[in-house]
Amino acid sequence: MKKIGILRMLAILLITFGIVYLDFDNLDLDVNYKAYAALITGLIVSMFSFLTPQNSSV
C-alpha cells in the first residue's frame, strides 16, 4: 500500500472542509470567507505537494 504524505493529506482535508462549509445558496465572499480560504489554501498546498520530490526510500 502506498503511503500518502502529510502535505497531500492536509491538502485533501482542506479542500474537503472548504467544499463542506461552502454555502451553495449564497456564494458571496463575505458569507463564505472561511470556505474560500480553505479551498484556496488546499489548492496551494496540493500544488506544493505535487511539485516537491518524494523520497523513494522504503
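For the chain, the alpha carbon positions stretch 47, 21, 11 Å along the principal axes, listed from largest to smallest. When only the Cβ of Lys, Arg, Asp and Glu is charged (+1, +1, -1, -1), the dipole of the chain relative to its Cα centre reaches about 540 debye. I'd like to know which of TYR36, MET9, PRO53 lies farthest towards the positive end of the charge dipole of the chain, counting +1 on Cβ of Lys and Arg and -1 on Cβ of Asp and Glu. Of the candidates, PRO53 comes out farthest on the positive side.
We did not get these values from a lab; they are worked out from the coordinates using the rules stated. Quantities reported herein were computed from a predicted structural model and do not represent experimental measurements. Ideal geometry is used to build each Cβ from the backbone, glycine not excepted, and the neighbour counts take in all protein chains shown.
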